[in-house]
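Worksheet: one structure, shown below.
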């Protein structure tokens, strides 16, 4: 059962001001999607649920899987991976390349740069095999990760997005989920690997094709893609004055068109819309009950500075509440999404941001459950 379980304010919080019409944008891309990560607001949705080939945007998942292993200390950036003759033979002249050579030993750190900045097909496969033992095993991990992240309409058939007769498909909405989780789950690794203007390997310097870098203030991620089937695509992000936007465009017909549309789209997001703070990081938001746990409730706080997004010049009205699948049951692990902060605007649209468990809550034994039950009855 999905319900609005906790109301933050006894009466809805309506701010003064007159609601204005939503800004409009006519994207030249067949598929265009934009989210304000500071609030969860979807600013534009044009075909975000359509299944498409991701081309090299699939490498975002390759990078995510590797970064996740690094974060969990199962993989070191300094680990050296040997480039096999088979990988070199297959990928040394197939699309984008890091210009790896057979027998070369390359660290995970440098291969990640090869994937993220250079979009190297060879780097992606070498990293996948070096991390998981085989390309097939790594792809299985990609798909398990996609399922865990809630990418319900995406499937991966290889680690570099090379055309594979339709096995690899994504949606713009799922790519936005992946990009958001990359930014939020690995902030230090994101800053280290995304947003570089260029990278040099083997004496060859190549630029990042990211159309935001150098064109839009705060542009720092994420990944371009291009095949004949997919067209010119891009999942990108930029941050200005603490406000981060994320965009996806797909199906554009030229390299230059991707640059122009990506820049125009992102600039529209920053100028046509504004955001206002509602909670600072760490602010108490709500306390919700927990069943069968070592604790009978969990206090939710703002995981970051949280905002409401509105058309530029508008200051309301809106109301706030917390929504969760009830009842919440133990065990819970720190970082689990247990609820959502929902901002509801006057037009009925909602801006949704996840709220996380701040600590582990173990499943209670018999006596613990009995005690918590008594406390709930008597209001202790």
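The values are calculated or read from the model by the stated rules, or taken from the named source; none is laboratory data. In this text the structure is predicted, and so the values were computed from the model without any measurement. Every residue, glycine among them, receives a Cβ derived from its backbone with ideal geometry; neighbour counts consider all protein chains shown.
Looking at the range 309-327, can you tell me whether even one residue there is within 15 Å of residue 36 (Cα to Cα) and buried (at least 19 other Cβ atoms within 10 Å of the Cβ)?
yes
Tell me, which strands (runs of 3 or more DSSP E) wholly within the range 176-232 include 2 or more residues that are on the phi < 0 side of the Ramachandran plot and surrounded by fewer than 16 Cβ atoms within 10 Å (Cβ to Cβ)?
Counting at least 2 such residues, we get 198-201, 204-207.
Somewhere in the range 263-278, is a residue part of a loop (DSSP other than H, G, I, E, B) and farther than 13 Å from residue 358 by Cα?
no
Among the candidates 231, 221, 251, which residue alone is at pLDDT below 95, out of contact with any helix residue (DSSP H, G or I) (no Cβ under 6 Å at 6 or more places or on another chain) and farther than 26 Å from residue 314 by Cβ?
221
Can you work out which of the residues in the range 83-99 that are assigned to a loop (DSSP other than H, G, I, E, B) and closer than 17 Å to residue 131 by Cβ is nearest to the chain's Cα centre (by Cα)?
98
Just to be sure before I move on: is residue 102 over 28 Å from residue 148 (Cβ atoms), assigned to a loop (DSSP other than H, G, I, E, B), free of Cβ contacts under 8 Å to residues at least 40 places away in the same chain and assigned by TED's automatic domain parsing to the domain that holds residue 177 in the structure I sent?
Yes, satisfied.
If we scan the range 53-65, do we find a residue that is in a loop (DSSP other than H, G, I, E, B) and loosely packed, with under 15 Cβ neighbours inside 10 Å?
Within the range 53-65 (the criterion being in a loop (DSSP other than H, G, I, E, B) and loosely packed, with under 15 Cβ neighbours inside 10 Å), the answer is no, since none of the residues qualifies.
Return the residues of the range 305-349 that are touching a residue at least 60 places away in the same chain (Cβ under 8 Å), under 17 Å from residue 281 (Cβ atoms) and in a loop (DSSP other than H, G, I, E, B); say none if nothing qualifies.
305
Taking the conditions exactly as written (within 30 Å of residue 275 (Cβ to Cβ), in contact (Cβ under 8 Å) with a residue 40 or more places away in the chain, surrounded by 24 or more Cβ atoms within 10 Å (Cβ to Cβ) and outside the structural domain of residue 160 (by TED's automatic domain parsing)), does residue 35 satisfy them or not?
Answer is yes for this residue.
Within the range 115-133, identify whether any single residue is surrounded by fewer than 19 Cβ atoms within 10 Å (Cβ to Cβ), over 15 Å from residue 158 (Cβ atoms) and in contact with a helix residue (DSSP H, G or I) (Cβ under 8 Å, 6 or more places away or on another chain), and answer yes or no.
no
State the number of residues belonging to the range 240-282 that are out of contact with any strand residue (DSSP E or B) (no Cβ under 7 Å at 6 or more places or on another chain) and within 26 Å of residue 196 (Cβ to Cβ).
Going through the range 240-282 one residue at a time, the tally reaches 10.
If the Cβ limit is 6 Å and pairs must be 6+ apart or interchain, which residue in the range 218-245 that is outside the structural domain of residue 179 (by TED's automatic domain parsing) pairs with which residue that is at pLDDT below 95?
Going by the 6 Å Cβ cut-off, the qualifying pairs are 237/221; 243/38; 243/275; 244/37.
Identify, by number, the condition in (1) assigned to a strand (DSSP E or B); (2) farther than 15 Å from residue 172 by Cα; (3) touching a residue at least 40 places away in the same chain (Cβ under 8 Å) that residue 249 doesn't meet.
Result: residue 249 passes all but (2).
For the range 148-168, give me the residue count where each residue is in contact (Cβ under 8 Å) with a residue 12 or more places away in the chain, part of a loop (DSSP other than H, G, I, E, B) and over 17 Å from residue 123 (Cβ atoms).
Count: 10.
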